[in-house]
Amino acid sequence: MGTSIDYQKVMTEIVWVNLPGPAEPEPGMTGGELLHGFLAELHDTPDPAINVFVNELCLRWNIHYRQNP
């Protein structure tokens, strides 16, 4: 009988989303810029249940929001 394989996913990269993000997509934006705007808009949702859900997902994927002055 073979031995079991231990697998551990280690994610060390942190993704920072600067707030406020772009308000609208513009022609020529990269995929990263579009994702940044999408995540920034989700962060600003007025629904507290959605905000909690988004924050839980972001913590799982090492995504952090940063307020810019």
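Readers should treat all values here as calculations from the given coordinates under stated rules, not as data from a laboratory. This is a predicted model, so every value here is computed, not measured. Positions of Cβ are backbone-derived with ideal geometry, glycine not excepted, and every protein chain shown enters the neighbour counts.
Net charge near Y65: determine it from the other residues with C-beta under 15 Å of the C-beta of Y65, scoring Lys and Arg +1 and Asp and Glu -1. Before the final figure, lay out the partial values.
Details: positive: R60, R66; negative: E41, D44, E56.
Net local charge, Y65 excluded: -1.
Test of understanding: what is the full-extension gain from I50 to E13, defined as 0.36 nm times their sequence separation minus their Cα-Cα distance?
Numbers: separation 37, 0.36 × 37 = 13.32 nm, distance 2.48 nm.
Contour length minus the Cα-Cα distance gives 10.8 nm.
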Over the C-alpha atoms of region 15-67, what are the Rg and the largest Cα-to-Cα span, Dmax, in Å?
11.1, 33
Using the Karplus curve 6.51 cos²θ - 1.76 cosθ + 1.60 with θ = phi - 60°, what ³J(HN,Hα) values do you get for each residue of region 52-60, in whole Hz, with x for Gly and Pro?
5, 4, 5, 5, 5, 5, 5, 5, 5
